[in-house]
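Where a number appears in this text, it was derived from the coordinates with a stated rule and is not lab data. Nothing here was measured: the structure is a model prediction, and the numbers come from that model. Methodologically, a virtual Cβ is constructed for each residue, glycine included, from the backbone with ideal geometry; neighbour enumeration extends over all protein chains shown.
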Amino acid sequence: MAYRFPSEEWTKEYQRTINSSEDYKKSGATWTAGPVCLVVSANPSVGLDKEIGIWLGLQKGVCEEIKIVTLEEAQKAPFVITGDYARWKQVVLGQLDPIQGMMQGKLKLKGDLPTIVRYVKASQDLVKCASKVDTQFVDE
Amino acid sequence: MGGYKNRILEMDLSTGKKDISDVGEDDKKRFVGGSGLSAKLFFDRFDIRSNALSPENPLMVMTGPLTGTNLPGTSRFVVCGKSPLTGIWGESACGGNFGSELKMAGWDGVVFMGVSEKPVFLLIEDSRCELHDASDLWGMDIYQTTDFLKASYGDGKQVKVFAIGRAGENLVKFAGIGNDKAHFAGRTGMGALMGSKKVKAIVVRGSGVAEPALQEEYRSLLKALITKVKASIPARALREMGTDSGLDLGMMTNDVPIKNWTSPQDFDLSFNLGGPSLIEKYLTRGHSCYACPIGCKRVVKVAEGPYKTEEGPGPEYETCCTFGTMIVNKDLAGVIKANELCNRAGMDTISGGAAIALAYECYEKGIITRKDTDGLELQWGNIDPALKLVEMIAERKGIGSILAEGTRSAAAKFGRGAEELVVDVKGLDAPMHDPRGWHGMGLGYAVSTRGACHLQHMTLYVEQGMSAYPETGLETNYKGPQSEGKAGMYLISENLGVPCNSACLCIFVLGCLSASDFAEMVRVTTGWKDFDVAELLKSGQRINLLKRTINALLGMKREDDRLPKRILTPLSPEGNVPDIDLMLREYYTLRGLDEMGRPKRETLEKAGLGELISRLCLTGS
């Protein structure tokens, strides 16, 4: 079954995919830097009237918690990556590398860059997990 | 016209005669400055066939129109001449503060000709230019020389020093030249050329300013560009982690060469050697070149242990590879020590490290033995013998004297298949970016006019998706391990990157800006009214064709535009390699080259380079 992106059910399936990934378990094994929040910017044309945050409670190779949060809550995470809907769609489809996206300014990062760089393999594995989720995009 | 002082100092070291020259306004615009203008001078005025270490080969130290302005990334200058390492056109750009100071002293550049009887240094204080005896400095390393000259000529205001070390004095073919200990013109052996002329250093102090032509536009552009650079993520990565920020990312994308280009990804290496580790363990502070809002330079200290160092310039990404991943050394302190030794000796850490990695592999394969290495056991993972080899190369002792001739020459001497272990193009060792992950970079290595080079073009940024220049026709989503379509990408990247070393703009800053920003920087500085992106790219094409013509006259042919066997061998059964034949074929067509690799007659005519045709003896169309 396909899960609508972005939505609560999509995030749950994403969490399940992350936690069944042997690659992420290994590459994220030493991650203790706290939650990462992915923020999808508001875009009324695809039905997103306000920002949506996807809160990933990552700890030592496991996604302990995942939830949809408001922008205000999202900003409390030590790492916040923000992009518009079309960019996140590219990321989920595996068409945009998130590190490249950040370098090109297509995705904005708030948080300690050296930590993100050190866990570049883990971030790639998280993207791989996202692309494995059977996704129905809200604009399709 | 802004951007120029309209004065080039010419020093004939054989006679001690000084002269002041200038080049025509037209050539300044056609070749922009820096390495482009140097190539024009070299082509027009010198016997390009003379031996690189002979008195006839000039050493040209040139600024560009942007040098010394306050626009971001404009500290740079370039050192040019025939390369002692490759025997073809040689150039090496440098950041720091020497170029800007030279411009403020009222000079666009210095051209050394001839050879001095005894060691000398050149002291420039505005219009006053004097050669001084440097016999007492000969034998000092770069740090000692710099400290001594700064103490002797400081007079309350800092002088800027550009000096060679023991490697340059001993004509190590890949010797570099160091500006204030931290900034190096490392590539193509310009330090050996300086050493051959017995010039130990140039000391400069300037009291003027570099005045842009269009003051008002300059001021608003300055403000906008600084804001833009500071906001960009590549700048933030460089500021926070230095150029070594690329190691973790590069490992992910198969960009990092390991074990002399023979091993696949090793995340343990990048974890220990990358920018974040440097910050955690050894960084004492950041440091900037003149007028740079990025500040990618590292100041480091190894406080204790076998690799203890004083506080000083830290290693760049390339050095963390050559003395780290290339010999499978995980000890970052050891890399810092190697960097200090190379800096002091004045040695290119890329070619120096490549020579040492070659020796390690030859040792492993039994091509050389302990007898050849003066008892050193060159075991992968152990940096200690590499540190000894740096000193032996600089002093030309034992096997060091063989390695000091460069990898190609050393491999020929070792024989028994060693030649196939060398990763170079036209005699210049490849920098630390593996074309098997990024095919466009492979084309860049094959056709760059100074040999394997990642800085004559913007491919690193464009192909890896760190920067995009849509106004030039470049796309934004290139796939690394793919050769189709890369010639077109590379051609534009080259046309954009070449003027970087002529206008003298830092490539890292250009990586944070647009091509339009770059063109605007040149326009407001020089006052060239019609200088836009199209003109910028045309100048890149023109300068490239001139340098290619010089190389053709020096015997370079299509077969020299190649990739070494190792790069054409996959790292794993499922790995892939660049289709260099396809990319070359397409590039030759797009660049307008004939089957021998020379620019065609109509290509030169179209580029406004008719004066090159007769020298190349091109007939017909």
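Table for the structure above
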item	result
Likely footprinting exposure, B:Thr549, B:Thr569, fewest C-beta neighbours within 10 Å first	B:Thr569, B:Thr549
Charge dipole (debye, nearest 20) of the range A:3-130; +1 at Cβ of Lys and Arg, -1 at Cβ of Asp and Glu	280 debye
Whole-angstrom gap from the range A:71-140 to the range B:180-203, using each part's C-alpha centre	45 Å
Sum of -39500 (n - 2.57) over DSSP H runs of 4+, divided by residues of chain A (222 nm, nearest 500)	-10500 deg cm²/dmol
Gain in span if fully extended, B:Val209 to B:Ser127, counting 0.36 nm per residue against the direct Cα distance	28.2 nm
Spin-label zone in the range B:384-407 - amide nitrogen under 12 Å from a point set 7 Å from the Cα of B:Glu377 along the C-beta vector	B:385
Cβ-placed point charges (K, R +1; D, E -1), dipole of the range B:259-412 about Cα centre in debye, nearest 20	160 debye
Qualifying chymotrypsin sites (Phe, Trp or Tyr not before Pro) in the range A:1-103, DSSP loop, other Cβ atoms within 10 Å at most 10	none
Nonlocal amide H pairs with A:Asn43, under 5 Å, H built at 1.01 Å	A:Leu48, A:Asp49, A:Lys50
Projected area averaged over orientations for the range A:3-130, convex hull of C-alpha atoms, nm²	6.8 nm²
Positive-end residue of B:Gly73, B:Leu273, B:Gly334, charge dipole of chain B with Cβ unit charges	B:Gly73
Those trypsin sites (Lys or Arg not before Pro) in the range B:280-319 that DSSP places in a loop and that have at most 13 other beta carbons within 10 Å	B:Lys308
Between the range B:78-92 and the range B:353-403, the Cα center-to-center distance that results, in Å	26 Å
Averaged over A:96-102, number of beta-carbon atoms from partner chains that fall within 10 Å	5
Positive-end extreme of charge dipole, the protein assembly as shown - chosen from B:Ile550, B:Met489, A:Gln100 (charges on Cβ)	B:Ile550
Distance (nanometres) between label positions extended 7 Å along Cα→Cβ at B:Arg219 and B:Glu605	4.9 nm
Chain B - mean residue ellipticity at 222 nm from DSSP helices (-39,500 (n - 2.57) per run, n ≥ 4, rounded to 500)	-11000 deg cm²/dmol
Cα gyration tensor shape of the protein assembly as shown, rounded if a/c is under 1.5, else prolate or oblate by comparing a/b with b/c	prolate
Modelled FRET efficiency - R0 45 Å, B:Asp47 with B:Thr569, Cβ distances, 0.05 increments	0.65
D_trans [Stokes-Einstein, Kirkwood Rh over alpha-carbon pairs] for the range B:484-615, 10 °C, 1.306 mPa s, µm² s⁻¹	96 µm²/s
Cβ-Cβ FRET estimate between B:Glu311 and B:Phe148, R0 fixed at 22 Å, reported to 0.05	0.70
Alpha-carbon Debye profile of the range B:232-422, log10 I(q)/I(0) at 0.09, 0.14 Å⁻¹	-0.32, -0.75
Cα-centred dipole magnitude for the range B:17-106, charges only on beta-carbon of K, R (+1) and D, E (-1), debye, nearest 20	80 debye
Mean separation of Cα contacts under 8 Å, 6 or more apart, over the residue count of chain B: relative contact order %	15 percent
Violating pairs (Cα-Cα greater than 28 angstrom) within the set A:Lys67/B:Lys230; B:Lys18/B:Lys82; B:Lys82/B:Lys308; B:Lys17/B:Lys160; B:Lys413/B:Lys565	A:Lys67/B:Lys230; B:Lys82/B:Lys308
Neighbour cut-off at most 11 other Cβ (10 Å), DSSP loop, trypsin sites (Lys or Arg not before Pro), the range B:470-538	B:Lys529
Dipole of the protein assembly as shown, positive direction: furthest Cα of B:Gly2, A:Gln59, B:Ile20, with charges on the beta-carbon	B:Ile20
